[in-house]
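Worksheet for the structure shown next.
Values quoted throughout were computed directly from the atomic coordinates according to the rules given, and no laboratory measurement underlies them. Being a predicted model, the structure only gives us computed values, none of them experimental. A quick note on method: Cβ atoms are made from the backbone with ideal geometry, for glycine too, and the neighbour counts reach across all protein chains shown.
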Amino acid sequence: MPIILKELADFCGARIEGGDLSATIHSAAEITSAHQGQVTQLTNSRYTRYIKDSTASACFIAEGFGVEDAPENMALLICADPELSFIKAVELLHPARTYTQQIAPQAVLEANVALGTELYIGPYAVIGENSSIGDGSQIHAGVYLGKNVKVGKNCRIYPYAVIYDDVVIGNNVIIHSGAIIGADGFGYKFRNNEHVKVPQVGNVVIEDNVEIGANTCIDRGALGSTSIGAGSKIDNLVQIGHNNKVGKNVIMCGLTGVSGSCNIEDYAILAGSSGIADHVTIGQGAVVMARSGVAGDVKAGTQVFGSPAKDKKTAYKEQIAISKLPELLKRVKMLEEKILLLEKDI
């Protein structure tokens, strides 16, 4: 949606230095590729070198951020939080696709389904009996909602997501394509040389403002609930096992796997490909770094790395020491040869 530069600055809470206040801004782009008619951002000094030759019409920067080589025709949009202001600009210039209120004739609604107002239910979506969908939600093509599912207001469930029976979803939740919520947890007992399946009769509860990435799986509790706290963001291809308790505003990056009955406390970060053993607590604000394997509890506010994971500083020192092993082995071999020569001389 094109907008005049002055209006864009006012909308984003920025003051303008230089440039043409009446210029039309039609889109947003990165500092490395932005052209005339586009707005960009500069928040990292490593990218300052790109601004000199940029043809962007405007650039968000922070108060006090030194820019000496900005082109004369570029407007600097100075604000307290340029990243947040840029997000607002992107949302304004690139509005999300809207869906007309409708229930597609190809959709299947079973008995006793409760529907809110201003809904979009796409073709071939299946809504199980006794389920409910809140006002303003979007259920896209091919979505499957089982029995007794509760979906809150203003949710978006993208094509071919599968929501099993009894799942509870709060307001403003986004679930991307291919996600599977509420499948059986992986629970077995080995008896008489056979794996006996433990019944999985719990559910999944997802609180408000959660986003769940494509092809992520969240298993139902064996007896109670697997729960995802408000504001948590879960990337693509994440596995969350049964009976996990995920706190508020937790980040889980792609390919993370969390075994059963873990407690991931508020504001924790699990970086890409991290793995968490069962019955582990990750403390509030703790960070599990990429490709780490966690077998024991992680204290609040700490950062761990490696497999098995340990304090980041200790793990880094060990990695540095390991990198020196080839040279150390050479030196040991040389010393052994010298000792042999000395022994011969004696």
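Structural remarks
- Take the Cα of Glu63, step 7 Å toward its Cβ, do the same at Asp165, and the gap between the two points is 5.8 nm.
- Estimated inter-spin distance, Ile322 and Thr117, nm [label 7 Å along Cα→Cβ]: 6.0 nm
- Evaluated with a Cβ-only charge set (Lys, Arg +1; Asp, Glu -1), the range 3-93 carries a dipole of roughly 120 debye about its Cα centre, given to the nearest 20.
- Here the label points at Tyr124 and Lys189, each 7 Å from Cα along the C-beta direction, are separated by 4.2 nm in the simple model.
- Restricting the range 229-327 to trypsin sites (Lys or Arg not before Pro) that sit in a DSSP loop and have at most 11 other Cβ atoms within 10 Å of their own Cβ leaves Lys324.
- Rounded to the nearest 0.05, the FRET efficiency derived from the C-beta distance between Ser45 and Glu72 at R0 = 25 Å is 0.70.
- Net charge of the neighbourhood of Val210, taken over other residues with C-beta under 13 Å away and scored Lys/Arg +1, Asp/Glu -1, is -1.
- DSSP H segments from the chain that extend 27 Å or more along their own axis, Cα-based, with Kyte-Doolittle mean of -0.5 or above: 325-345
- Kirkwood Rh and Cα Rg combined as Rg over Rh, evaluated for the range 102-313: 1.02
- Gaussian network model of the chain, Cα within-10 Å springs - most flexible of Ile264, Ile320, Ile31: Ile31
- Backbone N within the range 296-338 under 17 Å of label point (7 Å from Asn263 Cα along the Cβ vector): 296-302
- Distance from the alpha carbon centroid of the range 141-210 to that of the range 258-292 works out to 21 angstrom.
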